[in-house]
Amino acid sequence: MPSAASSDPRVHDSAFLRAARSEPVPHTPVWFMRQAGRSLPEYRALREGVAMLESCMRPDLVVEITLQPVRRYGVDAAIFFSDIVLPLKAVGVDLDIKPGVGPVVSRPVETLADVAAIPDLTPEHVPFITEAVQTLVRELGGTPLIGFAGAPFTVASYLVEGGPSKEHARTKAMMFGAPDVWEALMSKIAGISAAYLAVQVEAGASAVQLFDSWAGATSPDDYRRYVMPWSTEVLTAAGGLGVPRIHFGVGTGELLGLMGDAGADVVGVDWRVPLADGVRRAGGRAVQGNLDPSLVFAPTEVMLARATEVVEAGRAAPGHIFNLGHGVLPSTDPDQLARLTDHVHSLHPDSP
Ligand code: CP3
């Protein structure tokens, strides 16, 4: 398959990419969702006085912030520092990321005309992404870089609600009540997310993760009908780029099989699902996860014992990438993540 991903053979043979391809590994690879960010004092220092979206558009900051957790923890992969709403911002949607709140959209999407007013994404909208990825891939050497995008449902939720939401009531009202608007919106976002992933892979990212963080708000039947076709579109396009695809959402225990079928090589499992069950539901695919992010606040020996259980459960899958069951909580002590990384690396991936 054609791929412009990093040509460094150490990247191709890395434990992370081997596990993502369901090949044997020398150790269980580890990275953490939100490994870059507020839990790191060096991140807080760098971000002082710089707004979140502004920092995502400055290659010097993106490169440094992405590298910080790799240097500190020796994790097996870097994740590109950006946000799922950045491509919308880049095409001109009026939105901001408010500290402690999340993405806020000034004019929520309601009509077909609102959808039509959102431009498609081309590489010319995001030259700073291409530049940052290219620099990062050089600096990372043998460590793979994960590119990412938001899945259509999760991004639609911000556009329709106008901000973060627990119930996703307006989003579902559109999904159930205005199928023409819903389909136009999902199709628009699918195109933007696919294009955003392509830019990252063409600049050298060697895997992608599609975040459908809030897809767990839908039932399996509704997921199949109103969500899955457009996630499938994004993952199929990403498959054509020749890199492994990770598909993750929160509270998606009932959806794991479908999320795999949408076109994932690796199914992300949140911490509510015992990983052994997650492995079964992933239907022969590799899995990623799933230590409860709150376990970092437990005594170290409790956290490490639970991490051992996660690694043991992961042995039943053809590939396992160790991660938390959702993002690093901002009050996490980085030393706990360092201990966790070393501990998982010390366990043999194949036998007790
Ligand atoms: O290290 C990494 O994981 C890469 C960076 C990353 C960010 N956002 C940076 C960020 C990634 C992968 C994301 C994805 C993202 N953004 C998701 C999917 C992942 C998930 O958590 O489920 C979602 C739903 C968003 C939307 C979003 N952006 C939220 C909910 C928030 C948090 C609001 C808050 O302040 O608590 C953001 C802001 C954001 N994105 C921050 C970071 C580091 C915090 C802002 C800051 O540091 O000032």
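Details
- One residue alone among Val243, Val296 is of a type in the set (Val, Ile, Thr) and assigned to a helix (DSSP H, G or I), and that residue is Val296.
- Ala45 being without any contact (Cβ under 8 Å) to a residue 40 or more places away in the chain and either touching a Leu at 6+ places or on another chain (Cβ under 6 Å) or within 21 Å of Phe148 (Cα to Cα) (or both): no
- Selection status of Ala305, at pLDDT 95 or above, farther than 21 Å from Ala36 by Cβ, part of a helix (DSSP H, G or I) and more than 16 Å from the ligand (Cβ to nearest atom): yes
- For Gly325: the one exception among (1) more than 16 Å from the ligand (Cβ to nearest atom); (2) surrounded by 15 or more Cβ atoms within 10 Å (Cβ to Cβ): (1)
- Criterion applied to Thr66, Thr135 was being farther than 26 Å from Met174 by Cβ, touching a residue at least 40 places away in the same chain (Cβ under 8 Å) and more than 15 Å from the ligand (Cβ to nearest atom), and the one residue passing it is Thr135.
- Meets criteria (assigned to a loop (DSSP other than H, G, I, E, B) and within 13 Å of the ligand (Cβ to nearest atom)) for Arg38: yes
- Glu124 meets the stated requirement of being more than 29 Å from Ala20 (Cα to Cα), away from the ligand (no atom under 16 Å from the Cβ) and modelled with pLDDT of 95 or more.
- In the range 87-101, the residues that are free of Cβ contacts under 8 Å to residues at least 60 places away in the same chain and at positive phi form Cβ pairs under 8 Å with partners that are assigned to a loop (DSSP other than H, G, I, E, B) and surrounded by fewer than 17 Cβ atoms within 10 Å (Cβ to Cβ), at six or more places apart or across chains, as follows: Gly92/Pro119.
- Test for Val109: is it buried (at least 22 other Cβ atoms within 10 Å of the Cβ) and over 17 Å from the mean Cα position of the chain (by Cα): yes
- Filter pass, Ser55 being out of contact with any Cys (no Cβ under 9 Å at 6 or more places or on another chain), surrounded by fewer than 22 Cβ atoms within 10 Å (Cβ to Cβ) and modelled with pLDDT under 95: no
- Filtering the range 1-20 to residues that are modelled with pLDDT of 95 or more, crowded, with 17+ Cβ neighbours inside 10 Å and assigned to a loop (DSSP other than H, G, I, E, B) leaves only Ser14.
- Yes/no for Val250 being surrounded by fewer than 24 Cβ atoms within 10 Å (Cβ to Cβ), assigned to a loop (DSSP other than H, G, I, E, B) and within 19 Å of the chain's Cα centre (by Cα): yes
- When Val311 is tested against (1) touching a Pro at 6+ places or on another chain (Cβ under 7 Å); (2) crowded, with 18+ Cβ neighbours inside 10 Å; (3) assigned to a helix (DSSP H, G or I), just one condition goes unmet, and that condition is (1).
- Note on the range 214-234: among residues that are within 16 Å of the ligand (Cβ to nearest atom) and crowded, with 23+ Cβ neighbours inside 10 Å, the one that is farthest from Met175 (Cα to Cα) is Val234.
The values are calculated or read from the model by the stated rules, or taken from the named source; none is laboratory data. None of the values given here were measured: they were computed from a predicted structure. Note that we place each Cβ from the backbone using ideal geometry, even for glycine, and neighbour counts take in every protein chain shown.
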